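Asker: Supplied in structure tokens, the structure appears directly below.
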Amino acid sequence: ESDPRASVRVLRRLLELEREGWAVDAWKDEITGVLRAALAGADTDAREAAEDLAHWLGSLGYRDFRSLVS
């Protein structure tokens, strides 16, 4: 919560490195929390990064995260 832009950036990198796909399901609550915090914050860059991440996850078949993006 203290640095949502960095949180989204690190989360994206971790998920990009995860090749077997289990991390998204295992970390769904944590991913949702990071995305919500970034989307609710005042940092425009963090919000855009969170939206991009939600759409990227959706393109991989994890469409539940797209509902966080208005």
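The values are calculated or read from the model by the stated rules, or taken from the named source; none is laboratory data. Keep in mind the model is a prediction, meaning the values are calculated, not measured. We place every Cβ from the backbone using ideal geometry, glycine too, and count neighbours over all the protein chains shown. Heads up: the accessible areas ignore ligands, DNA and RNA and are worked out on the full protein's heavy atoms, side chains in. Shrake-Rupley method; radii C 1.70, N 1.55, O 1.52, S 1.80 Å.
A quick yes/no check of all residues on (1) more than 10 Å from the chain's Cα centre (by Cα); (2) of a type in the set (S, T, Y); (3) modelled with pLDDT of 90 or more:
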{"site": "L15", "(1), (2), (3)": "no, no, yes"}
{"site": "A23", "(1), (2), (3)": "yes, no, no"}
{"site": "A42", "(1), (2), (3)": "yes, no, yes"}
{"site": "E48", "(1), (2), (3)": "yes, no, yes"}
{"site": "L57", "(1), (2), (3)": "no, no, yes"}
{"site": "Y62", "(1), (2), (3)": "yes, yes, yes"}
{"site": "F65", "(1), (2), (3)": "no, no, yes"}
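Asker: Moving on to the next point. Which condition breaks for S2 when tested against (1) open to solvent by 40 Å² or more (accessible area, probe 1.4 Å); (2) touching a residue at least 12 places away in the same chain (Cβ under 8 Å); (3) over 17 Å from S59 (Cβ atoms)?
Answerer: All conditions pass for S2, except number (2).
Asker: Of the residues E20, E16, which is under 20 Å from G61 (Cβ atoms), open to solvent by 70 Å² or more (accessible area, probe 1.4 Å) and either without any contact (Cβ under 8 Å) to a residue 24 or more places away in the chain or in a helix (DSSP H, G or I) (or both)? Before the answer, list the steps.
Answerer: Values: E16 fails: open to solvent by 70 Å² or more (accessible area, probe 1.4 Å).
Result of the check over E20, E16: E20.
Asker: How many of the residues in the stretch 24-70 are surrounded by fewer than 16 Cβ atoms within 10 Å (Cβ to Cβ) and assigned to a helix (DSSP H, G or I)?
Answerer: Qualifying residue count for the region: 21.
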